[in-house]
Amino acid sequence: MKKSREIHSAAFLFHLTIYAYQESCKNMVGSGSRAILTYAIPYLTEMLKHLEIPGLSQAKSMDENISIYLSLVKESGYVMDAGLIRNRDNSYTFEVKKCKFASMGHDIFKEGHICPFAILAAAVISYKTGDQISIGDSIFNNMGSKTLITVHERKR
């Protein structure tokens with residue numbers, strides 16, 4: 001039981017650290033951190049390639065890769081329900097519908113922040129497509145969040 005509390009505490013503190021980082025960036029550069037995260041996502045994508053997460057593969061479809069990512073997130077117990085919806089254009093909406101962190105932190109971080117789970121979802125999309133990704137500020141509620149992720153296809 002003690003180990004479970006330690007994991008929960010570490011995950012919660014990590015979550016808060018990401019939000020604090022975003023707030024610091026906003027205060028330093030006068031805007032949200034989404035511009036900075038746009039440059040961080042390619043590094044996360046490279047890390048995904050080197051980590052060799054079981055099942056994650058560039059040969060698999062977007063749906064299969066996101067499903068693998070979501071099963072890992074759900075397995076942690078912090079997110080009970082989430083999904084990726086493809087929009088008409090080259091964008092996706094990543095929605096976390098039931099997040100344990102929502103009741104603890106979403107009141108503080110209402111705008112100008114990006115859900116850490118959405119940041120990693122954007123990295124999975126980049127991993128699959130190889131394209132540049134931009135990410136919008138998340139819209140938070142008391143159960144989860146919605147985040148717009150846009151793929152900017154490279155001219156090949």
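Computed values, structure above
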| quantity | calculated |
| --- | --- |
| Using θ = phi - 60° and Karplus 6.51 cos²θ - 1.76 cosθ + 1.60, couplings along segment 122-127 (whole Hz; Gly, Pro as x) | 4, 5, 5, 4, 4, 4 |
| Accessible area of segment 113-156 belonging to carbon and sulfur atoms, whole % at 1.4 Å probe | 54 |
| Under 5 Å, built H, 5+ apart or other chain: amide partners of Ala82 | Lys97 |
| Exposure ranking of Ile139, Ile66 by accessible area [1.4 Å probe, largest first] | Ile139, Ile66 |
| Charge dipole magnitude, Cβ of K and R +1, D and E -1 - segment 45-142, Cα centre, debye nearest 20 | 160 |
| Entries of Lys49/Lys74; Lys74/Lys128; Lys49/Lys98; Lys26/Lys146; Lys100/Lys146 with Cα pairs more than 25 Å apart | Lys49/Lys98 |
| By average C-beta atoms within 10 angstrom, highest first, the peptides 40-46, 119-125, 86-92 | 119-125, 40-46, 86-92 |
| Exposure ranking of Met62, Met143 by accessible area [1.4 Å probe, largest first] | Met143, Met62 |
| Distant-in-sequence amide H partners of Ile114 (H built 1.01 Å from N, under 5 Å) | Ser138 |
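The values are calculated or read from the model by the stated rules, or taken from the named source; none is laboratory data. Everything numeric here is computed off the predicted structure, so don't read it as measured data. Note that we place each Cβ from the backbone using ideal geometry, even for glycine, and neighbour counts take in every protein chain shown. The protein model used for the area step is the full one, side chains on, heavy atoms only, and it has no ligands, DNA or RNA in it. Shrake-Rupley method; radii C 1.70, N 1.55, O 1.52, S 1.80 Å.
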